Each structure stands twice: as C-alpha cells, then as structure tokens.
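Below is one structure, written out as structure tokens; the observations come after it.
What follows draws every value from the coordinates through simple rules; no lab data is involved. Note that the structure is predicted; figures quoted are calculated from it, not measured. Positions of Cβ are generated from backbone atoms using ideal geometry, with glycine treated the same way; all protein chains shown enter the neighbour counts.
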Amino acid sequence: MIGCCHLAEYDVKLAEEAVSRLFSMLHLETVIRPEWKVTIKPNLLMKRRPEDGTTTHPAVVRAIVKNLQKLGVSRITIADSPGGLYSKAALAGIYRATGMEAVAEETGAVLNCDLGTTHCPQPDGVVCKAFDLINPIAEADFVISAAKLKSHCMTGLSGGVKNLFGCIPGLTKPEFHWRFPQEKDFCNMLLDLCETVKPGATFVDAIVSMEGDGPSSGELRKTGLLLAADNPYQLDLALSHIIGREPDSILTIQNARERGLCPLNYNELELAGDPLPVFSDFKMPRSRTVDFQSNIPRPLRGICKPVIDRFFTPKPVIDRKICIGCGKCAESCPAHTISVVNRKAEINRANCIKCYCCHEMCPVHAISVKRSRILEKM
Ligand code: SF4
Ligand code: SF4
C-alpha cells in the first residue's frame, strides 16, 4: 500500500494531519503496540539546516512522533548514522542543525547517543550475509524510515531503500563502497540491508525534494508530497514514477524486481489518498550517464573496466578555490585516495572507484561530478 498526501509547505499542524491520514491508510493503529520501542530513522546526511533540503524536515519527524504518541507509544527514539564520524559530538551538532534537537525537546522523543552496534546475520543475503547495525535500529520493535526524496549521484534515487544505509555506523559505510564498487552489487547490498532492517513503515518527505546533483549538492524542487508505504521497494517504484524515470534505470528497483520484492509495473501498486503527480522534468545527477559497466557481461568487465573508467565514467573534480581543507572528503573516501595538502584536497585518480562519497560529504560544494569530454559531445 502506498499512501499519498498533497502538502504544499512545512506547516507543523498540516504535517501532523497529513501523517495522521497516512497512519490510517497503512492501518498502523492495528500494527504498532503501545509498549513497543519504536525508532524513527530520518535522513540526517550531514550538518545542514532544514531549509537546505538535504535532510528529512523536522516538521515531518515531529508529525510522526506526535502520531505515535497518539497511539500510546512512549518509547520513541530518533536515530541515524550520518556521513562521516559517528561520535557523540558529531551527532549533537547534526541534531541541532537539522532541527531534531527541537523536535526532541518539544515531544520528549529521545535522540540516540548510543554509539554501539549489533551484529545481525542475514543468511538469505544475495551479496552480504551480515551487517553491524547501530543499536537503536537493531533493538527496535518497529522501525519507521523517514526518507527524503532526492536524486543521488551513485544510485540515481535516494528514497526508501537508500535511506537505510544510515543504519550502518559512521566510517564503516565507505568500506561498503570499497567492497561493492560495481553499482549493481552495491544496490544488491542495499537490498540485503533493507531485508535485515525490515522497516515496518517508510515515510518520504517529498514536500521540497532535491533534484540534480543530489544527495547534497542538488537544487531544491517543490514537489508538495508526503508519502508512506509498508513496503519500501514499492515506495521506491512509486518514487521513480513521480520523478519520471524508467524503474530499471534505478538499480535498487531493478534488483528488487529481479528478486520478486517489488511488482514489475507501477500500475500494479495499490494506491491510497491523493493522486501521484509526475515531474517528468525532474533533473537527474550529471553522473547518471549510461552505466556501461553494469551493461557488460561479467566475464568481460575486468578487461573493459580501465577503458570505461578512463574515458566514460564521470569523475569527481575539486574546485581548489572553494575547498576549505576540512578533510571530510578524505575521511569518507573508501579508496583512501584523497589527501589534503596545504589546506587543499587532492585526488589521486589512479585509485578512485567513482563512488562519489567525496562529492556527497563536501560541506561547501567544492567537489563536482564531471562527465567525460567524449560524453559531453555525444
Ligand atoms: S575520490 Fe571520491 S569518488 Fe573517488 S573513491 Fe574517493 S570518495 Fe569515491
Ligand atoms: S573538497 Fe570539500 S570536503 Fe574536501 S577538504 Fe575541500 S572543502 Fe573539505
């Protein structure tokens, strides 16, 4: 079931009413028990203000907390492992900047500061058989994912499935990029993760979305929607429809269809509430050129990779005039191929696996993703 509410702005009262409608559409009052520990997992990628459109808006998180409290739930935790270091100091700064601190103060929900992890086996995993999850996710009776609709340089779409990458602690995340450098494998890992976390409900803040070079350097786009679903794969299929993309162009959706986790067609989705609009001109990231690598038979990929990497795959490029030498890119680089010299970051391209984590984590938009000159002429 996919529930949809049209909502033009981040008004706390209207958001609370819209979330109440979505709770009813998903029948959450019959699913969630008052005595349960419920964890809300927003997208808190980095230290950004709500109006920057990078993180789930506090009005949406607040509305979910308030509606849980109406069901009698009292043990509510807000938790995420943002990009970069997973430390109490880093979390405190992000909670404050993103408006989560104010939500917790008003509602009494707890902001997670437990830095522990729990080993969670996933015997049915296709590419990954276990994950170490942050404790508030592993220990919850019910997880509510509160995603933000954004384009994404690597996976194309940041929606329900991608939001769960933040259930993996801190700098362990870049290790997954290193283990799964091929986009198809990385997206299969995200599905294994989603099957491990098993969110009971997924909400998507698409009131103001991010298009273009998301998930942190794109442009804001008013899409005026608040969505919720009991199945994150179906929700992502609906999101691909909303942003006017072929479902198979988003590999998390393609993989979910191949595994039978998601219908083949948008028309097979069960919809409730307001009609879903289509933003066919929604801009995708510059990195989303043709994924040559995934389209080549596996045995030939090793031979073709150097040529594809060199001539066709978009590259991260640092603008030295903008760089402030903070080192966030180097910290997040799974290939350890960025160094900061004289307060300016430099990339050693020989080792770059084109995961774009550096682009995602740069706080001042000093890193852009540039298409190759050959593709620019095509
Ligand atoms: S330089 Fe950037 S794109 Fe290349 S491996 Fe490091 S983080 Fe990924
Ligand atoms: S490129 Fe961005 S993230 Fe890297 S050191 Fe410069 S300002 Fe920091």
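Results, tabulated for the structure shown:
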{"quantity": "Using a Förster distance of 41 Å, the FRET efficiency for Glu246-Arg75 (Cβ separation, nearest 0.05)", "calculated": "0.45"}
{"quantity": "Angle in degrees between helix 88-98 and the longest Cα principal axis of the chain, rounded to the nearest 10", "calculated": "70"}
{"quantity": "Residues with amide H under 5 Å from that of Gln122, placed H, sequence gap 5 or more", "calculated": "Ala130, Phe131"}
{"quantity": "Relative contact order (%) - the chain, alpha-carbon pairs under 8 angstrom, separation at least six", "calculated": "18"}
{"quantity": "Residues of region 46-90 with amide N under 19 Å of a point placed 7 Å along Cα→Cβ from Glu35", "calculated": "69-77"}
{"quantity": "In order through region 259-271: 3J(HN,Hα) via Karplus (6.51 cos²θ - 1.76 cosθ + 1.60), integer Hz, x for Gly, Pro", "calculated": "8, x, 8, 8, x, 6, 10, 4, 4, 7, 6, 8, 10"}
{"quantity": "Whole-angstrom Cα spans of the chain along principal axes, big to small", "calculated": "57, 47, 42"}
{"quantity": "Computed [θ] at 222 nm, helices only, for the chain once each DSSP H run of length n ≥ 4 contributes -39500 (n - 2.57)", "calculated": "-9500 deg cm²/dmol"}
{"quantity": "Value of relative contact order over region 206-271, rounded to a whole percent, pairs C-alpha under 8 Å and six or more apart", "calculated": "22"}
{"quantity": "Simple label model, 7 Å out from Cα along Cβ direction - Lys370 to Lys129, nm", "calculated": "4.4"}
{"quantity": "Segment Asn351-Ala89, extension gain: residue separation times 0.36 nm, minus the distance between their alpha carbons", "calculated": "91.2 nm"}
{"quantity": "Distance (nanometres) between label positions extended 7 Å along Cα→Cβ at Glu17 and His119", "calculated": "5.1"}
{"quantity": "Compactness of region 1-92, expressed as Rg and Dmax over alpha-carbon positions, Å", "calculated": "14.4, 39"}
{"quantity": "Rg/Rg_globular for region 13-156, with Rg_globular taken as 2.2 N^0.38 Å and Rg from C-alpha atoms", "calculated": "1.06"}
{"quantity": "Cα-centre dipole for the chain with unit charges at Cβ (Lys and Arg positive, Asp and Glu negative), debye to 20", "calculated": "1540"}
{"quantity": "Alpha carbon centroid spacing (whole Å) that separates region 25-82 from region 207-276", "calculated": "20"}
